[in-house]
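Beneath this line is the structure, given in C-alpha cells, with notes to follow.
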Amino acid sequence: MNSTAYQNITVARDHHIATLTFNRSDKANALNYEHLSEIEHAVLAFRDDPDTRVVVFTGAGKHFSSGADLTDRGEAYKVPLVQRRRRMRMGERTIEAILDMDQITIAAWNGAAMGGGACVATACDFRIGADNCFMQYPEIDIGVNLMWKSLPLLVNLVGPARSKRLVVGGERVHASQLESWGVLDEVVPLDELLVRAYDMAQHYAAKPPVAAQMIKASTNQIANALNHAIMHMDTDQNMFSASTADRAAAIEAYLNKTTPTFSGN
C-alpha cells in the first residue's frame, strides 16, 4: 500500500524527512480501527525506508487527534470475544510501532491531543506544541482505564503525581503548563508550528543516521524496560471496566450531559 491508497492519513516525503498527517479533520482526527490500522501500516513501512531519517506526525485541521472514536464501534463489537480482544489491541500495536521506529519522531501538536491522541504524542521522541494545544485523558470520565501501554510513557515525562492528575483526575492541561511539565519540548505560535517542526527535523536529519538511531533505541530501552512486564493486561482491564455498572452510568451521563453517581459496581 502506498500513501495514495490511504483513506485516513497522508504521508509526504521531502529528502530525509517525512510527514505523516492524520486526515480525518471532520472527526477531529478521532482514531477508529481503520485509522489506527493505516497509521500502523505506514509506520511499519518505514522499516524498509533507509532514506527517511525523521518522521513528523501532525493532524489536519484544528486538532492533532481527539482520541478514540466513540461514535464508531465498527465491527469490533460484532465478533467473538477472542477476536474483539485482538481488535481492541490495535491502538497498542500502533503505539508500539511508533516507539520502535528507527527514525527520529516529532509530534507537531495542534489543538487537542486527547486519550489515544495523547498516547500517540507521548510515543514520539519530541513534541512541539502550538500555543493552542492541550492534553486530556477523558477515559476516567467514561468509566474505563487508559490503554495502549501508554501510561508509562506519560509517567516517564511528568512523574507519578502529575500522571495521576491527568489520568485519574482527567485534568485538561494547556500549552504553557505542558511545556513546564516537560511534555512539550517547545511552544510556538500556531502558524509557525510546521515550520518549527521541520526545522527540528532538519537538525536531526543532519546527524549520522546509524549512530542517531542506535542511541534512540538504547534510550527507549532504558526508559521503557519494565513496560511490557507491567502493562500487558491493560486491554483486559479496559474490557473488564467497560462491563461495570459505573461504566454504563458514566456513558449515560456523558451523553445526557448530567452528573453521574458511581456505586463501585
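Residues checked against (1) within 15 Å of the chain's Cα centre (by Cα); (2) surrounded by 16 or more Cβ atoms within 10 Å (Cβ to Cβ); (3) of a type in the set (A, V, I, L, M):
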| position | (1), (2), (3) |
| --- | --- |
| Ala30 | yes, yes, yes |
| Ile39 | yes, yes, yes |
| Thr58 | yes, yes, no |
| Phe64 | yes, yes, no |
| Val79 | no, no, yes |
| Ile95 | yes, yes, yes |
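Out of Ala229, Ala250, I need the residue that is in a helix (DSSP H, G or I), surrounded by fewer than 13 Cβ atoms within 10 Å (Cβ to Cβ) and either in contact with a strand residue (DSSP E or B) (Cβ under 7 Å, 6 or more places away or on another chain) or not acidic (Asp, Glu) (or both). Which one?
Of Ala229, Ala250, the one residue that is in a helix (DSSP H, G or I), surrounded by fewer than 13 Cβ atoms within 10 Å (Cβ to Cβ) and either in contact with a strand residue (DSSP E or B) (Cβ under 7 Å, 6 or more places away or on another chain) or not acidic (Asp, Glu) (or both) is Ala229.
Run down Val187, Val183 and say which single residue is buried (at least 17 other Cβ atoms within 10 Å of the Cβ) and either in a loop (DSSP other than H, G, I, E, B) or without any contact (Cβ under 8 Å) to a residue 24 or more places away in the chain (or both).
The match here is Val183.
What number goes with the only condition from (1) under 14 Å from the mean Cα position of the chain (by Cα); (2) closer than 12 Å to Ala108 by Cα; (3) surrounded by fewer than 19 Cβ atoms within 10 Å (Cβ to Cβ) that Thr122 does not pass?
With (1) under 14 Å from the mean Cα position of the chain (by Cα); (2) closer than 12 Å to Ala108 by Cα; (3) surrounded by fewer than 19 Cβ atoms within 10 Å (Cβ to Cβ) applied to Thr122, the lone miss is (3).
So, in segment 111-155, how many residues would count as being part of a helix (DSSP H, G or I) and within 28 Å of Pro189 (Cβ to Cβ)?
Going through segment 111-155 one residue at a time, the tally reaches 11.
Values in this text are rule-based calculations from the coordinates and carry no lab data. None of these values were measured; they are calculated from a predicted model. Glycine gets a Cβ as well: all are built from the backbone with ideal geometry, and neighbour counts include every protein chain shown.
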